[in-house]
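**Student:** For reference, the structure I am asking about is given below.
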Amino acid sequence: MNWWKEDIVYQIYPKSFKDSNNDGIGDIKGIIEKLDYLEDLGINTIWICPFFQSPMIDNGYDISNYYQVDPMFGTNEDLYELIDQAKKKNIKILFDLVVNHCSDQHEWFQKAIAEPNSKERNYFIIKKKEEITNWRAIFGGNSWSPLPNSNDEEYYFHVFSKEQPDLNWENPELRKEIYKMINFWLDKGIKGFRVDAITYIKKNQQFPNFAPDGLDGLAHVDKGSINQPGIESFLKEMKTETFDKYDCMTVGEAVGVPYKDLEQYVGDGGCFSMIFEFSYDNPSMPSQGNWYDYKQWTVDEWKQKIYKAQKHISKIGWSPTHIENHDSPRSINKFLHPDQICGHSVKMLATIFFYLRSTPFIYQGQELGMSNVHFNSIDDYDDISTHDHFQRALNAGFKEEEALRLISPRSRDNARTPMQWSNSKYAGFSEVTPWLKVNSNYQNVNVDQQLNDPKSILNYYKKMIELRKQKKYCSVLVYGEFSPLFENMKNIVAYQRTNNEQTIYIINNFQSEYCEIEVEMPFKVLLNNYTDITVSSQRLIYLKPFQSLVLDIE
Ligand code: NOJ
Ligand code: CA
C-alpha cells in the first residue's frame, strides 16, 4: 500500500500564498500561518513551488543555491519550523526539485565561466559556436547563448531562458551533486518532490539541426531534448541513489511521455510514484504552439482524453490529476465559456477530476473558484513566458492591444495572483501592494466569505475531500477500477469506480441543458452540487444544468 495514493495534495505558489511580514511577497512564515486552514480543508500533503535562493527570472525555477531559502521567503530555520509544524498536523511536504537546469547565478555556472579548466565547466553543456543547433528555447530565442568571457567562441545550452543553463546530466560528477542534494532534503524530513521538467535531462547527443518550424527559422527545442532514448538510465540511477532509500512520494513533471514509454516513469519499474498527465488540462491550447492560436474543442473529445489517460495509466501505475497549476490559466476560464460560469459549473469541474483513479492535486485558490485576471498593460505581467508570447504575437503582426487580448487568457500569471483570503485591502494576502496585482474580484471571491457560506465552492471542496477520505468509500474511490459511463451521451462526463463490493457513479452534466439519464436503483446520493435531485419512478434522473452527482449504487 502506498500512502500517496490515498493523499490529497494542495499546491502552494509561495510568492502568492500569504505574506507574513508585509513586504508584498508571500513567504514561508505565511504558509505556517495558514496550516490551520489547510488542515481544516482536509488535505494531507502540500507541494510548495521553489523557494530557494534565486534571481527570480522564472520565479524560483532558476535556483542559485539548492541549500538556502531565498531571503524573500524567509530563512532555513523558517523552513525547518514549517516542516515541524506541518508534521504535527500530519501534513506532509513535497518540495519542487529543479534539476534540469539551475540559475546562471549559481556558483557552478559562475565558476564555469571564470575557469575554463574547472570541473564545473563540465557541469554545463558548452559547445563551440560552429557546433550549436537551431533549437528554439521554451521562453524564446535560440537555446544556445554565448558563454560570457569566451569572446563569442563558446555557447551554453538552455531549454528554458538564457538565465537557466541546463545541467550536463552526462557528467557523473554532476549527477552525484544532485543526488547529494536530494538526500540532504529527504533527510530533513520532507516526504518527496514534484520533479520539474524531468523529461528534458537527456539531450540528443548528435545535436542535429531540425527543419525550422517558426518564423524565426528555429525548431522547437523539444525535438532534440525531450524524452530522448537513454533517459531511462539517468532516471533509474537517480531513483536508486535517492528516492529508493526513503518512503517518499515523487511526482514527475514529465511532459512528452507517450503512453508506450510509461513503464520507465511509473509502476514497479518506473522512477516516480506518478507523473502528471497533460493531455486534457488545457484543451484549447495547440501543443508547442503560439499562445495567440486557439484550438476548437468539445466536451466529448475532452472526456475521451480523460478516459484514455485513465485506461493507459491504470494498466501500468498511478497518476495525479489536476485541472490547475501555476503554469496554466484558471480552470474556470479554460473549460467554461463565460456564459457557463456559475457555482454549479465550477463545482462540476471539481467533481469530474476529483474522483478519477488518481491522487487529486488542488492548486491554491482553485478551491474558491478563483478566476483569470486581465491586466491592461503588458507591464503588469511578471511571467517571462507571457512576455515572450506577447512578443511572438507582435512578430506575427498583431497590434499591441490585440496581442494582449489574445495572450492574456493564456498567461501563467492568471494563476499567480495573490491568494484571496478576505475582503480587506489586497485580499488579506498582505497589507502592502503585492508583487503582482490582486484579482479585482477578491471582494466576492475569498476564503472568509466562503467559509461562512454552506453552499460555497470551498465548502463543496471540503465535502469532496471528506468523502474521498471516508472509511466506507476510501477503498473504492482510491483503488477501485475506473470505467466510463454513458459514453455516447453528448456532454455527459461520467464514470464508475468499482471493487468487489461497491459501485460508485460519478455523473456530470457538462451543459446548460437538462438531460435525462437512466441509472440502477436503489442508490444513495453521496454528493450533489444542487440541493435536490429529480428522479422519476422509471429509474430516470433528470439532471439539471451542470449538475454533478456521486451515487452509491446499492
Ligand atoms: C516547469 C515549471 O512548472 C515552470 O513554472 C517553469 O517555468 C519550467 N518548468 C522551468 O523550470
Ligand atoms: Ca513577505
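The values are calculated or read from the model by the stated rules, or taken from the named source; none is laboratory data. Just so you know, these numbers come straight off a predicted model, no measurement behind them. Neighbour counts run over all protein chains shown; Cβ positions are idealised from the backbone, glycine included. To get the accessible areas, we keep the full protein, side chains included, count just its heavy atoms, and leave off ligands, DNA and RNA. Shrake-Rupley method; radii C 1.70, N 1.55, O 1.52, S 1.80 Å.
**Student:** Condition check: part of a loop (DSSP other than H, G, I, E, B) and surrounded by fewer than 16 Cβ atoms within 10 Å (Cβ to Cβ). Does ASN372 satisfy that?
**Tutor:** Here the answer is no, as ASN372 does not meet what is asked.
**Student:** In the list PRO165, PRO148, which residue meets the criterion of being surrounded by fewer than 18 Cβ atoms within 10 Å (Cβ to Cβ) and either at pLDDT 95 or above or closer than 19 Å to GLN68 by Cα (or both)?
**Tutor:** When all the criteria are applied, what remains is PRO148.
**Student:** Additional query: Just wondering, is there one or more residues in segment 259-269 that are away from ligand 2 (no atom under 16 Å from the Cβ), touching a helix residue (DSSP H, G or I) at 6+ places or on another chain (Cβ under 8 Å), polar (S, T, N, Q) and open to solvent by less than 10 Å² (accessible area, probe 1.4 Å)?
**Tutor:** no
**Student:** What residue, among those in segment 478-511 that are of a type in the set (Ser, Thr, Tyr) and under 21 Å from LYS347 (Cβ atoms), is surrounded by the most Cβ atoms within 10 Å (Cβ to Cβ)?
**Tutor:** By that ranking, first place goes to TYR495.
**Student:** Go through segment 223-251 residue by residue and tally those that are assigned to a helix (DSSP H, G or I), open to solvent by 20 Å² or more (accessible area, probe 1.4 Å) and touching a residue at least 40 places away in the same chain (Cβ under 8 Å).
**Tutor:** 4
**Student:** Got a number for residues in segment 131-152 being over 27 Å from the mean Cα position of the chain (by Cα) and over 14 Å from GLN164 (Cβ atoms)?
**Tutor:** So the count comes out to 11.
**Student:** Further, regarding this structure: Hey, can you tell me all the residues within segment 24-56 that are within 13 Å of ligand 1 (Cβ to nearest atom) and either in contact with a Ser or Thr (Cβ under 6 Å, 6 or more places away or on another chain) or of a type outside the set (Val, Ile, Thr) (or both)?
**Tutor:** TRP47, CYS49, PRO50, PHE52, SER54, MET56
**Student:** Let me ask something else. For segment 8-42, enumerate the residues that are away from ligand 2 (no atom under 16 Å from the Cβ) and surrounded by fewer than 22 Cβ atoms within 10 Å (Cβ to Cβ).
**Tutor:** Across segment 8-42, the qualifying residues are ILE8, LEU35, ASP36, TYR37, LEU38, GLU39, ASP40, LEU41, GLY42.
**Student:** Among (1) modelled with pLDDT of 95 or more; (2) within 16 Å of ligand 1 (Cβ to nearest atom), which single condition is ALA254 missing?
**Tutor:** (1)
**Student:** What's the number of the only condition in (1) within 25 Å of GLN391 (Cα to Cα); (2) surrounded by fewer than 18 Cβ atoms within 10 Å (Cβ to Cβ) that VAL159 fails to meet?
**Tutor:** With (1) within 25 Å of GLN391 (Cα to Cα); (2) surrounded by fewer than 18 Cβ atoms within 10 Å (Cβ to Cβ) applied to VAL159, the lone miss is (2).
**Student:** Among TYR66, TYR80, which is the only one that is of a type in the set (Phe, Trp, Tyr) and surrounded by fewer than 17 Cβ atoms within 10 Å (Cβ to Cβ)?
**Tutor:** Answer to the selection: TYR80.
**Student:** Okay, moving on. What number of residues within segment 168-211 are within 26 Å of the chain's Cα centre (by Cα) and in a loop (DSSP other than H, G, I, E, B)?
**Tutor:** So the count comes out to 11.
**Student:** Check TYR530, TYR495, TYR479 and return the single one that is within 20 Å of TYR355 (Cα to Cα), touching a Pro at 6+ places or on another chain (Cβ under 6 Å) and in contact (Cβ under 8 Å) with a residue 40 or more places away in the chain.
**Tutor:** None of the other options fit; the residue is TYR495.
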